[in-house]
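**Q** The following block contains the structure, expressed as C-alpha cells.
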Amino acid sequence: MRSMKRYKASTLKMGVSLAALALIAAPGFAQDVDTSADDADDAERRLGVITVTAEKQEESVQDVSLSVQAFDADALRDAGVTDVSRLEFLVSGVNFAFTGNDAKFNVRGANSSNTFSDNTSIVGTFIDGVFKPRASQQTRAFFDIGRVEFLKGPQGTLYGRNTLAGALNVSSNTVDFGGYGAGIEASYERFDRATFEGFVNVPITDTFGVRVAGFYDKSDGYIENLAGDDLGAQDDKGFRITSVWQPTTNFDATLRFSHIEEDGREGGLFGFTLIPRFVNEQGLTDPFGGIVDPFNPQNGSAPPGTSQGFPNALDVNPFTVAQDFTPDADLDEDVVALELNWDLGPVTAKSITSYTDFQNFIGFDFDFSPNPFNIGGFDETAESVTQELVFASDYDSRFQWTGGLYYSQDELFFSFSIFNQTLENNTRIDLPSPDGEGTVSQLVGTPLASLDTNINGFFADSAFIETDTFGVFAQGEFSLLDNLRLIGGLRYSNEDRSLTGGGSNFTGDTNDDGIVDPPVTVLPGVAGSAPFIVPQDSRAVFAINENATDAVTLDETFDNVTWRAGIEYDFNEDVLLYVSSGTGFLSGALGANGTITDEQESLFVEGGVKSQLLNNSLKLNAAVHYTEYTNLLTQVLVQNPETGIVQTFSGNGGSIDAWGIEVESAWVPIENLTLTANLAYLNSEFGTFAQANPFQDFSGPQPVVVAPSSANGGIIDVSGERTPFTPEFTAVLSGSYEFSLGDWGYITPVVQFFYSSDFNTSNNLAIDPAQEQDDFTKTDLRLIWDSPDTKYSVELFVENVEDEATLSRGTSGGDDNIQTSFAYPRNYGVRVRATF
C-alpha cells in the first residue's frame, strides 16, 4: 500500500476522544509498546517522518525541542493550504489576519498590529532561507512547495531578524536527479476562480539539473461591488527556475530565480468595507455609546442633496460594497538566490546569498462610497541584499554546535497619499466637546457639492529607510548522558537604521534660509477645476523628493544580545521531554514625523513532550508555554486639523503576558484511518499598556489617562484586558479514511473542523465592542480520488460549509470610521492533479 497521508479530523467527538487518549497515554510513557501485532500490519499504520531545518540542520521534527509544526506537500494539499492564510487550520495557537495583500500573523499573544511604513511582522518569514522584510512579501511564493515549518516562540539564536514571536520557513521543491518528471495541478472554484500550477524537472547530466515551476491564478472577485468592478479578484502569476550543480558528493550549488506579479483588485488597503460603529446620545463617536450608527461617516459619502452618508453595505452582506474607484494592484517581486553547501569533513558549511527587488502599489476608494470623491494609494518598494554563512559540526562528539554570520541591507520606500477629485459640502453640526472645552463636529457623511472635477484636499507622506543588519550567532548541544542533553545559544544583533522623509501636511519650512522645500509636493497642473484627465493613480499627483532640505532625517542604532537555554531528556526512544527558554528581539521603528520607538523584546519559557507511541501509529506532542513581551508597539493617531485626515504613527504601548497549552496529535488507529487534532488554550493579557482611543468620546470601563485632544479621544489604559486576535481556545479536528477501489484506485473522504472562541479584531483599541468576533466554527469537506499509481487525482471540495463571515482585522481611520475585512466566504470547486 502507498504511504499514508495525514489528514484533518471529523467531529468534535473525535477531538474529545483524542484528548482523553492523551491523558490516558501520558502516565504510560515508560511502558513497553506491545509489538506482538503483525509487523506488516503495523507498517501500514505508521506515520511518516518529516525532516525539518528549524535549527539550521536536517533532523526529524520530533527531535527538535521547540514548538515546531511541519507539513510536507501532501499534508498541505490535503488541508487545502494554498497560501499562508490557511496555516491556522494546521498550526495550533496561530491565527492569521489580512488587509489587502498584507500578512498579519498572530502568535501566542503577540500580533503584527501595523506592518506599514517602518513596522514589520512579529513573525520572520524565510523563503528557501531568504528573509522577507515586508509583510506584503509573506504571502508570495506559495507554489511548488516541498515543506512548510512554523516555529512558535522567539527564535533569537539561529535566525536573522524579526523572530520576536516565531518564524515561518517555506522550502520549495528542488531538482530531482532520479529522472525527468513533470506535473500539473488545475482547479476551478467559486467566483469563477481558475488556478494552474505546474513543474518540469530535467536532470540534464548526472551532476546538473533544472526545475521550472509556475502558477497562474485568476478570478472575478469574491466581494460584490454595487458601483464598480468586484473586489478581491486574483490576477496573479509567477515562475521559479531552480538549477542545481553537484560536481562531488561533498559540494552542491543551487541557483534560484523567481518572478511574481499580481495585478488583481485587492480588497482594500486597511479593509474592504466599513462596519457600524457606536455613538452616544449626543451624537459623538464612542465605542461604548450604545447607539449603532450604520451609515458611512466619510466626507463626501452622502448622496447629493442629503446630509447622511450612504447606508453601510454591510447591512446587505459582509461581502458587498459600493465603491466607484476599484483600481488594479501593481505588485512585482524578483528574487535571485544562490545557496552553496560544503561537507568539509568534521564541519559542514552553508552560504545563502540573495538579492530581492520588490514593489507593491495599492489604490483604494477612501470614501468607501459610490461617489466620485476621495482617492488614495499606498506605495512601497524594497531592494534587499542578504548574506548568511552557517557552519555546523559533523563529527562524533558529546558536543555539537552550529554558528554563523548574517548580513543584510534593505533600502525601503513608503508613500501614503490621498486626494479629492470633486468638492464636498463640509458642513457638520458642532457639539460640545467631551472635556467641556469648546466644540467638536458630529462625524456624519457629508454630500458632494458638485460632480464637477476639482482636484483638491491633498495629503501625502513618504519615507526612505535604509537598514543595515549584522548578526553573529552560535548554539551548542552537550550530551551529559546518552539520553540527557543541555542546549545553549547566543546571538548578537546590530541594526543601523536611517530615515529621510516627511509629509505634505506636517513638514514645513525648517531651514534658516527661508526656502520651503518639503519632501512631498503636488505636481504642477494637477490642482484645480479643469485638469485634462482625472488622475487614477496618486503617483500621478505627488512628487516625492528624497533629497528635500525640509525632510525629517533620523539615524538610530539598535543592538541586542539574545539567548537560548534548554535541556532535553529522552524518556525512551519514542518520548522526548524538554524545557527551553530564550529571548527575542525586534528593532525599534523610525517615523516620518520624527519619532523613534524603543526596541521590542520577548522572553519565553516552554516545557513539552514529543512522543511517537504504539509503534509510531500515534504522534502526541504537548507544550506549556509562557511569554512576556515588552515595549510592544501600538498606534498613535494624529489628526490634521485642516484636512481631518488621521495619520498613524508607532509608539511603545507596553507589555503583554501570555501563557497557554498546545496539543497536537495524529493517530492511525486502524489501517487507512487517520485522525488528527490540534488544540490550543491561550491566556493573553496586557500588562502595563496604553492605547489611543480613536473615537471622540469614551464611556467604557477603562480610565482615560490623558485628557482628550483634537487628535483623538485620549489614551486608554487597557492593562489587564485580553489582547486582540487571541481566542482563548481553538481546535482543529480532522479525519480521513482511504477506501481501496482495486484497479480503480483509491477514494478518500476528508473532514476538517475548526473551532475558535471569541476574540477582538481591532488594530487600535482592543476593547472596542464593535470589532468583537464571536466564537465560530468552519468545516471543510473533501473527496479525493487517486489512481492506483497515485499519478492522477481528482478532488471535490467545499470549504467553510457554514459560510461563516468572520472579521479579519479592523482599524480606525479618518471621520472615526471602522475599516475592516472579512475572511474568505464559503468556497467550493474541483481540483485535478497529474504527474508524469
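**Q** Let's test the formula: R0 of 35 Å, r as the Cβ-Cβ distance of ASP496 and ALA73. What FRET efficiency results, to the nearest 0.05?
**A** With R0 = 35 Å, the Cβ-Cβ based efficiency is 0.30.
**Q** Quote to one decimal, in nm, the extra length available between ASP83 and PHE399 on full extension: 0.36 nm per residue of separation minus the C-alpha distance between them.
**A** Computed gain between ASP83 and PHE399 is 109.9 nm.
**Q** For segment 48-93, list log₁₀ I(q)/I(0) at each q in 0.23 Å⁻¹, using the Debye formula over Cα point scatterers of equal strength and ignoring solvent, two decimals each.
**A** -0.89
**Q** Could you tally the net charge around GLY607, taking each other residue with its Cβ under 12 Å from the Cβ of GLY607, Lys/Arg +1 and Asp/Glu -1?
**A** -2
**Q** What number do you get for segment 425-490 when its Cα radius of gyration is normalised by 2.2 N^0.38 Å, N = residues?
**A** My calculation over the Cα atoms of segment 425-490 gives 2.86.
**Q** Computed FRET efficiency, Cβ-Cβ of ASP775 and GLN387, R0 41 Å: what is it to the nearest 0.05?
**A** For ASP775 and GLN387, the calculated efficiency is 0.30.
**Q** Can I ask one more? Beyond 13 Å, how much of the Cα-Cα pair distribution for segment 390-451 remains, as a whole percent?
**A** 81 percent
**Q** Right, next: How compact and how long is the chain, expressed as Rg and Dmax of its alpha-carbon atoms in Å?
**A** Radius of gyration, then largest Cα-Cα span, for the chain: 27.3, 91 Å.
**Q** May I ask you to order 199-206, 724-731 by the average number of other C-beta atoms within 10 Å around their residues, highest value first?
**A** 724-731, 199-206
**Q** Another question, if that's okay. Roughly how many nanometres apart are two label points built 7 Å out from the Cα toward the Cβ at GLU802 and GLU411?
**A** 5.0 nm
**Q** Can I ask one more? So, for the chain, what is the accessible surface per residue at a probe of 1.4 Å, expressed in square angstrom?
**A** 38 Å²
**Q** Add -39500 (n - 2.57) for each DSSP H run of 4 or more in the chain, then divide by its residues: what number comes out at 222 nm, to the nearest 500 deg cm²/dmol?
**A** Estimated from H runs of four or more residues: -1000 deg cm²/dmol.
**Q** Based on the alpha carbon coordinates of segment 312-432, what radius of gyration and maximum Cα-Cα distance (Dmax) apply, in Å?
**A** In Å, with Rg to one decimal and Dmax whole: 25.9, 80.
**Q** Mind putting a number on the dipole of segment 666-768 about its Cα centre? Charges go on the C-beta only, +1 for Lys and Arg and -1 for Asp and Glu, and I need it in Debye to the nearest 20.
**A** With only Lys, Arg, Asp and Glu charged at Cβ, the dipole is about 140 debye.
**Q** Just name one of THR205, PRO294, SER219: the one whose Cα is farthest towards the positive end of the charge dipole of segment 198-300 (beta-carbon charges, Lys/Arg +1, Asp/Glu -1).
**A** Selected residue: THR205.
**Q** As an exercise, use a Förster radius of 30 Å and the Cβ-Cβ distance of ASP357 and VAL534 to find the FRET efficiency, rounded to the nearest 0.05.
**A** Using R0 = 30 Å, I get an efficiency of 0.45.
**Q** For ASP570, what charge total do you get from the other residues with a beta carbon under 11 Å from its beta carbon, if Lys and Arg give +1 and Asp and Glu give -1?
**A** Neighbourhood net charge equals -3.
**Q** Right, here's the next one. Say the cut-off is 28 Å between C-alpha atoms; which of LYS104/LYS619; LYS152/LYS218; LYS237/LYS791; LYS152/LYS350; LYS132/LYS218 go over it?
**A** Beyond 28 Å between Cα atoms: LYS104/LYS619; LYS152/LYS218.
**Q** Shifting gears a bit: Say each of PHE257 and ASN456 gets a label point 7 Å from the Cα, pointing the same way as Cα to Cβ; how far apart are those two points in nm?
**A** 5.2 nm
**Q** Mind giving me the nanometre distance, one decimal, between the label points for VAL794 and ASN631, set 7 Å out from Cα along Cα→Cβ?
**A** 5.9 nm
**Q** Right, next: Per the Kirkwood treatment, what hydrodynamic radius in Å, one decimal, follows for segment 190-321 from the mean inverse distance over all distinct Cα pairs?
**A** Hydrodynamic radius (Kirkwood, Cα only) of segment 190-321 equals 19.4 Å.
**Q** Please compute the length gained on full extension between TRP245 and LEU340, using 0.36 nm multiplied by the number of residues separating them and subtracting their Cα-Cα distance.
**A** 33.2 nm
**Q** Could you work out the local net charge near PHE689, counting Lys and Arg as +1, Asp and Glu as -1, over the other residues with Cβ closer than 11 Å to its Cβ?
**A** -4
**Q** Right, next: Expressed as a whole number of Å, what is the distance separating the alpha-carbon centroids of segment 368-418 and segment 758-833?
**A** Taking the Cα centre of each part, segment 758-833 and segment 368-418 sit 27 Å apart.
The values are calculated or read from the model by the stated rules, or taken from the named source; none is laboratory data. Fair warning: this is a prediction, and the values are worked out from it, not measured in the lab. When we count neighbours, we look across all protein chains shown, and the Cβ atoms used for this are built from the backbone with ideal geometry, even at glycine. Only protein heavy atoms, including side chains, enter the accessible area calculation; ligands, DNA and RNA are left aside. Shrake-Rupley method; radii C 1.70, N 1.55, O 1.52, S 1.80 Å.
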